[in-house]
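Each reported figure results from applying straightforward, stated rules to the coordinates on display, with no laboratory input. Because the structure is predicted, anything quoted here is derived from the model rather than measured. Cβ sites come from the backbone with ideal geometry, for glycine too, and all protein chains shown count toward neighbours.
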Protein chains: 2
Amino acid sequence: MNVDHLGIAVPDLARATALWAPALGVGTPPVEEVASQKVRVAFLEVGGVHLELLEPTSPDSAVGRFLESRGPGLHHLAFAVPSVNDALAAAERRGQRLIDRTARVGARGRRVGFVHPSGFEGVLVEYVEGP
Amino acid sequence: MNVDHLGIAVPDLARATALWAPALGVGTPPVEEVASQKVRVAFLEVGGVHLELLEPTSPDSAVGRFLESRGPGLHHLAFAVPSVNDALAAAERRGQRLIDRTARVGARGRRVGFVHPSGFEGVLVEYVEGP
């Protein structure tokens, strides 16, 4: 298992990219819209881990509600695993509540699945399969 | 620059360790008290990145106030840099407000320095020097 990326909720993707890219010493990344999640995202790589900047395309979205209630900031922690379904099943065996019972396709076309934040005491955890 | 660790605020370090260690497939880490920050911490390694579980030893501490206002969860993002002082100076040149103007000794005896969360739109960023 590895840390794949760290999701950061931002109100304005262009402004956030202009803030983070120079601080990390990286170029401007492409922007991807994930319609199913109502977000626009950009991944910035730093030493093998990515920061995923997430801008909601609607206030009626998980990230939009997060921004409304908590403001911008750290949103979720994603681990790379060989099998998202196996990782979700293991979480369920540990008694953790799931958001996704099986993998679905997320950003970058990768298979992903989320554990409810109650499962990790307030940390929203995502499992993601390698490309 | 690399992601060194990710700080997670927890109300009970033993309980949080018992939750995270099996999920990451790692053993129980040692506990360190950082008196200057009024926290007890434990580092769990996952693929070269660490999760730093932080339990306040007093409600009158940065992590205690964070738990009180936001509840447990993702707290800060730490980058390994060659020089904390250089990284803080670069942040200041980018117009970011600093918490520390120069490096001080933090957990694991490492030199650390923090940028104010306003500098990264709600994300508390730490710079830490290698061991």
Take B:Leu77 and tell me if it is more than 19 Å from B:Ala14 (Cα to Cα) and in contact (Cβ under 8 Å) with a residue 24 or more places away in the chain. yes
Scanning region A:81-93 residue by residue, the ones that are surrounded by 12 or more Cβ atoms within 10 Å (Cβ to Cβ), in contact (Cβ under 8 Å) with a residue 24 or more places away in the chain and not hydroxyl-bearing (Ser, Thr, Tyr) total 6
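Based on this model, can you work out whether A:Glu33 counts as surrounded by fewer than 19 Cβ atoms within 10 Å (Cβ to Cβ), more than 11 Å from chain B (Cβ to nearest Cβ), part of a strand (DSSP E or B) and out of contact with any helix residue (DSSP H, G or I) (no Cβ under 7 Å at 6 or more places or on another chain)?
On the way: surrounded by fewer than 19 Cβ atoms within 10 Å (Cβ to Cβ): yes; more than 11 Å from chain B (Cβ to nearest Cβ): yes; part of a strand (DSSP E or B): yes; out of contact with any helix residue (DSSP H, G or I) (no Cβ under 7 Å at 6 or more places or on another chain): yes.
Yes; evaluated as a whole, the condition is true for this residue.
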I'd like to check something: does region B:59-72 contain any residue that is of a type outside the set (S, T, N, Q), closer than 16 Å to B:Gly113 by Cα, assigned to a strand (DSSP E or B) and more than 9 Å from chain A (Cβ to nearest Cβ)? no
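Just for region B:93-112: of the residues that are in a strand (DSSP E or B) and over 19 Å from A:Val46 (Cα atoms), which one is farthest from the other protein chains (Cβ to nearest Cβ)? Give the derivation first.
Pass one, region B:93-112, residues in a strand (DSSP E or B): B:98, B:104-105, B:111-112.
Pick out the ones that are also over 19 Å from A:Val46 (Cα atoms) and you get B:98, B:104-105, B:111.
Working: B:Leu98: 13, B:Arg104: 21, B:Val105: 23, B:Arg111: 19 Å.
Step by step, filter region B:93-112, then rank; the result is B:Val105.
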Taking region A:7-19, which residues are at the interface with another protein chain (Cβ under 9 Å from one of its Cβ atoms) and crowded, with 22+ Cβ neighbours inside 10 Å? A:Ile8, A:Ala9, A:Val10, A:Ala16
Quick check, is A:Ala90 in a helix (DSSP H, G or I) and of a type in the set (Gly, Ala, Ser)? yes
Would you confirm whether or not region A:41-55 contains a residue that is more than 9 Å from chain B (Cβ to nearest Cβ), not in a strand (DSSP E or B) and not basic (Lys, Arg)? no
